[in-house]
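Below: the structure, in structure tokens.
The values are calculated or read from the model by the stated rules, or taken from the named source; none is laboratory data. All of these numbers come straight from a predicted model, not from anything done at the bench. With ideal geometry, Cβ positions are generated from the backbone for all residues, glycine too; neighbour counts draw on all protein chains shown. Surface accessibility is based on the protein's heavy atoms, side chains included, excluding ligands, DNA and RNA. Shrake-Rupley method; radii C 1.70, N 1.55, O 1.52, S 1.80 Å.
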Amino acid sequence: MNKSFYILFLFITSSVYAQSDQEYWDNWNKNYPEVDIVSILKQEKLYADSVEKNPAIPRYYSRLDNYRFKAVYLGKTRATSQEVITSMKNVYKLFTGNASRLDGMIENEVLFKIGQEETWMPVQPQILEALKKEVKKGNMLTVYCLHFNEHNSKNILYNTFLISEFYK
């Protein structure tokens, strides 16, 4: 009888875990629509080029979005530059009013391959720790990112992706 109870307990806990795991990813998927990020980046570059060529269009623009897309983990990490952090804070302040919420969240960035391009993406510290433990160089991941888009008055285009979660 104890053995039967143990097997039933394992079955029930496994089912509950699987169900809650599915619900977890369903929530992420709902909040981070899957996109063709290569096309989005291409469109952003074209728009930035058109703004720079037409003096009638204001130079500064920005936007903030949630995206989910596939990227290849290249296994390299570096400190996030102050220019990228400043750009992210500019955008966040415009859309939420409180850029200090990013403090401590954007210390490092990780190299990914998106399409044919290599892209450095800031990563939250706890996610960086999980990446290093769980992912091998060359693995394809689904990354859940907050996209900070800023074209500043100096004609510098920032397309920055803050990784909030990933799925192997």
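Things worth noting here:
- Solvent exposure ordering (accessible area, 1.4 Å, most first) of 85, 156, 163: 156, 85, 163
- Angle between the chain longest axis and helix 125-134 axis [Cα atoms, degrees, rounded to 10]: 60
- For the stretch 75-156, the per residue solvent-accessible surface stands at 54 Å², with DNA, RNA and ligands left out and a 1.4 Å probe.
- Given their separation in residues at 0.36 nm each and the Cα-Cα distance between them, residue 135 and residue 78 gain 18.8 nm when the chain is fully extended.
- Members of 93/168; 42/76; 42/89; 93/137 lying beyond 27 Å, as alpha-carbon distances in this model show: 93/168; 93/137
- Note on residue 100 and residue 154: the model spin-label points, each 7 Å out from Cα along the C-beta direction, lie 2.6 nm apart.
- Contour minus Cα-Cα distance for residue 107 and residue 52 (0.36 nm per residue): 16.7 nm
- Taken about its Cα centre, the chain carries a charge dipole of about 240 debye when Lys and Arg each add +1 at the Cβ and Asp and Glu each add -1 at the Cβ.
- For the peptides 70-76, 141-147, 118-124, 25-31, the ranking by packing is 141-147, 118-124, 70-76, 25-31, with the highest mean count of neighbouring Cβ atoms within 10 Å listed first.
- Available extension along the chain between residue 45 and residue 86 is 12.8 nm, counting 0.36 nm per residue and deducting the alpha carbon span.
- Per-residue SASA entry for residue 164, accessible area with 1.4 Å probe, Å² rounded to 10: 20
- Extreme residue, positive dipole direction of the stretch 39-153, given options 64, 79, 138 (C-beta unit charges): 138
- Cα principal axis extents for the stretch 26-93, largest first, Å: 43, 28, 26
- Ellipticity estimate at 222 nm from DSSP helix runs (n ≥ 4, -39,500 (n - 2.57)) divided over the chain, nearest 500: -14500 deg cm²/dmol
- Near the amide H of residue 124, within less than 5 Å, lie the amide hydrogens of 163, all on another chain or at least 5 residues away, with H placed in the peptide plane.
- The chain - percent of accessible surface contributed by carbon and sulfur, probe 1.4 Å: 54
- Using alpha-carbon coordinates, inclination of helix 82-96 to the longest axis of the chain, degrees: 80
- Residues in the stretch 52-77 that a label on residue 38 would reach, taking backbone N under 13 Å of a point 7 Å out along Cα→Cβ: 70-72
- Anisotropy class of the stretch 92-154 from Cα gyration tensor, a/c 1.5 cut: oblate
- Compactness of the chain, expressed as Rg and Dmax over alpha-carbon positions, Å: 19.7, 81
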